[in-house]
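The values are calculated or read from the model by the stated rules, or taken from the named source; none is laboratory data. In this text, all values refer to a predicted model and were calculated from it rather than measured experimentally. So basically every Cβ, Gly included, is an ideal-geometry build from the backbone, and we count neighbours across all protein chains shown. Heads up: the accessible areas ignore ligands, DNA and RNA and are worked out on the full protein's heavy atoms, side chains in. Shrake-Rupley method; radii C 1.70, N 1.55, O 1.52, S 1.80 Å.
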Amino acid sequence: MLGKRPMQDMFDIQNRVARLRDNINYHNHRYHVLDAPEISDGEYDLLMQELQALEKDHPEFVIPDSPARRVGAAPLEAFGSVEHEVPMLSLGNVFDHDGLLAWHKRVVGLLEGAPTDFVCEHKMDGLAVSLLYENTRFIRGATRGNGLRGEDITQNLKTISSIPLLLPKDAPDRLEVRGEVYISRVGFAKLNDDRAKAEQPLFANPRNAAAGSLRQLDSRVTAKRPLDICVYFGRGQLPAVHWETLQYLKSMGFKINPHSSLISNISEAQDYYNRWLEQREDIEYEADGIVIKVNSTSLQQRLGSVGREPRWAIAFKFPPIQATTRLLDIDIQVGRTGSLNPIAVLEPVSVGGVVIKSAALHNQDDIARKDIRIGDIVVVQRAGDVIPQIVAPVTSKRTGAESVFKMPEHCPVCDSAVIRSEDEAMSRCLNANCPAQGYELLKHFVSRNAMDIRGIGKSLAQALFETELVRDVADLYYLTEEQLSGVERLAEKSIANALASIEKSKERPFASVLFALGIRHVGEETADVLVKTFGNIDGIIAASEDELLAIDSIGPKIADSMVSFFMQDDNLMMIERLRQAGVKMESDAGQQGDLPLTGQEYVLTGRLEMFARKDAQVRLKKLGASTGSSVTQKTNYLVAGADPGSKLAKAQKLGIEVLSEDDLLRILNRYE
Ligand code: IVH
């Protein structure tokens with residue numbers, strides 16, 4: 001028996017290594033390819049550390065394509081693939097001061113006492129990209145991908161205003177700049193806010209939002225996302241030290257991180273770490289640590305790299321913001337589209353200085369996968385401003401009194417049966433008249449970006465529902481002063497306010513009305529596209545699934561949900577009553593003079609880098625502008641691309657305003 005133990009142990013280790021690899025590959029794919037991670041970065045790091053440690057101790061189990069030796073995932077097929085001339089490296093991590101000092105010691109040893117200073121930077125939690133410039137022009141942008149090959153996302157990167165498209169004349173002939181694309185905390189909060197209103201799935205964190213935005217096939221969508229970049233690397237004719245390179249890049253128009261520091265010894269790096277760890281939540285973007293880099297580029301070269309990790313730089317990670325507390329219960333909230341959303345009720349606990357009482361649980365599968373039970377002690381994690389998440393239960397603390405959660409089979413609000421469709425993990429109440437849905441829809445309908453009916457707040461909305469004065473949103477427009485005066489505790493002034501803002505909402509543009517209807521998956525962007533394509537509600541109602549699918553940004557989920565929405569008589573009746581009340585059911589575009597660029601003539605000339613010319617013309621026309629083929633007295637603006645030729649001269653002679661592609665993009669983004 002005893003003699004067999006070691007064999008058994010080895011077998012167990014081999015199995016564990018294989019399982020870890022599968023697991024990491026799975027989460028890698030979710031994170032890098034699908035932008036839909038299921039576990040926190042902290043959990044992922046733990047898996048990776050375990051695998052790295054096992055592979056180190058048991059080299060016999062190492063395989064060449066183990067995820068421990070490869071960071072990143074293969075690019076998506078839809079973008080062109082780009083080979084990096086020089087691989088885009090990853091960074092080694094340390095998690096404490098001892099780790100940092102050990103790295104420093106190794107560097108000093110390898111440099112045999114050659115003096116060196118360092119640059120400390122934030123490790124920004126975004127996505128690394130490469131920007132290529134030739135003869136001062138931005139010619140290609142790519143994601144990091146697997147470090148050797150990435151995706152060509154030039155068009156998307158061109159929409160980020162902090163990326164210069166043209167460099168000063170004295171810039172190096174050929175220059176590659178690398179940096180981190182990210183979304184600030186403020187930008188992220190607003191983006192998710194808009195998505196919540198549109199009932200679009202929320203991004204888990206700014207990093208995912210940035211990744212999702214960069215991977216859009218339609219760069220117009222990207223242009224609407226609050227992406228930004230800080231650059232931290234250059235390759236070409238550049239200064240001999242990293243710090244100077246950063247300043248030089250800055251002088252050429254790139255955005256560099258203002259919080260970086262040039263330091264002369266490692267204890268200053270420790271100070272830098274401590275200082276920023278304390279203030280991490282106040283940084284305008286999410287940072288998950290700091291990066292320390294050897295300043296001299298020749299010393300960097302001397303140090304070289306091991307695998308994909310340079311020896312001359314190291315990431316010193318911040319600890320994840322976590323705490324443990326008890327899961328008291330799991331509540332169910334019914335959303336406006338009938339989704340049953342489990343919410344964790346927690347014993348209040350302070351996580352990184354903020355007291356949290358509840359956390360998102362997503363859906364039943366997620367709860368089951370993590371084996372979270374009511375009564376468990378759980379690890380909760382806060383990442384920036386997003387809703388706190390439950391990372392995992394602490395199973396060692398179980399007493400046996402915990403209970404397994406089951407999704408109710410009946411809606412907790414209206415008691416009708418709950419359905420769980422096969423293709424989604426979400427359970428739904430299908431009763432279109434469920435008061436919870438009605439109330440949630442009413443809240444959505446009156447919200448700012450929808451009908452903007454400010455005179456109806458949460459409590460009035462609830463009262464209108466409970467008194468059955470409003471059964472569907474069209475009822476709002478038929479409310480009388482008399483009816484409202486019957487509502488308890490509603491002051492005269494509030495009644496007047498409510499009625500006035502309902503009246504005012506009739507001026508809301510059709511796209512807002514369409515968004516306000518609360519059709520599943522139809523957010524503001526989709527509503528805009530639909531209005532531009534069909535012009536009025538009748539066109540939209542009549543559109544077949546195929547016609548909808550023919551629109552670029554509309555996929556099967558949206559098309560399907562629209563068709564089933566308009567198939568229901570109740571909904572059609574509601575729309576008719578809204579129309580009769582005077583709510584806009586067609587775009588103002590039909591009425592002359594109403595569009596933002598009406599009356600302006602644009603002429604496009606030269607080689608455009610950011611647009612196909614036809615596309616730019618169509619987009620201008622949609623905004624009411626006319627486009628001419630030659631510059632005349634009537635021309636208002638000449639958009640000049642590269643090598644503009646005689647039209648530019650003529651425009652200058654006639655005193656016509658000349659715009660760059662950047663200007664054009666700004667105009668289109670402002671009004672589209
Ligand atoms: S330097 C060898 N500097 O971290 C140079 N990377 O784990 C490698 N990152 O892919 C990159 N902030 O996405 C560098 N100030 C910074 C960074 C940074 C964030 C990211 C970058 C990279 C990853 C490596």
* **Accessible carbon and sulfur surface of the range 463-570 relative to its total accessible area, %, 1.4 Å** => 48 percent
* **³J(HN,Hα), Karplus 6.51/-1.76/1.60, whole Hz, each residue of the range 503-513, x for Gly, Pro** => 4, 5, 5, 5, 8, 4, x, 4, 4, 5, 4
* At a 1.4 Å probe, what is the % contribution of carbon and sulfur to the accessible area of the range 571-658? -> 47 percent
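Give, as a single signed number, the net charge of other residues whose beta carbon lies under 10 Å from the beta carbon of residue 393, with Lys and Arg counted +1 and Asp and Glu -1.
Numbers: positive: 370, 373, 397, 398; negative: 371, 376, 402.
Taking every Cβ under 10 Å from that of residue 393, the sum is +1.
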* To do: Return the subset of 506/557; 56/370; 158/197; 169/634; 443/493; 255/622 for which the Cα-Cα distance in this structure is over 23 Å, preserving the input order.
  => 506/557; 56/370; 158/197; 169/634; 255/622
* If a cysteine in the chain has no other Cys Cβ under 4.7 Å from its own Cβ, put it on the list, ordered by number. => 120, 230
* May I ask you to compute the full-extension gain from residue 329 to residue 409, defined as 0.36 nm times their residue separation minus their alpha-carbon distance, rounded to one decimal in nm? => 27.1 nm
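Which of the peptides 192-201, 439-448 is most tightly packed, and how do the rest follow, going by the mean number of other Cβ atoms within 10 Å of each residue? It would help to have the intermediate numbers written out before the result.
Details: 192-201: 17.1, 439-448: 21.3.
With the highest mean Cβ count within 10 Å placed first, the list reads 439-448, 192-201.
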* Could you sort 477, 285 by accessible area so the largest value comes first, with the probe set to 1.4 Å? -> 477, 285
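Listed highest first by mean packing, meaning other Cβ atoms within 10 Å per residue, what order do 220-228, 342-350 come in? Let's see the in-between values first.
Numbers: 220-228: 20.1, 342-350: 16.1.
Peptide ranking by packing, descending: 220-228, 342-350.
So, for the chain, what is the accessible surface per residue at a probe of 1.4 Å, expressed in square angstrom? Please report the intermediate quantities before stating the final value.
Details: 32840 Å² over 672 residues.
With the other protein chains kept in place, the chain gives 49 Å² per residue.
What's the ranking of 660-671, 404-415, 453-464 by average number of surrounding C-beta atoms within 10 Å, highest first?
Numbers: 660-671: 16.5, 404-415: 14.3, 453-464: 18.2.
Descending mean neighbour count gives 453-464, 660-671, 404-415.
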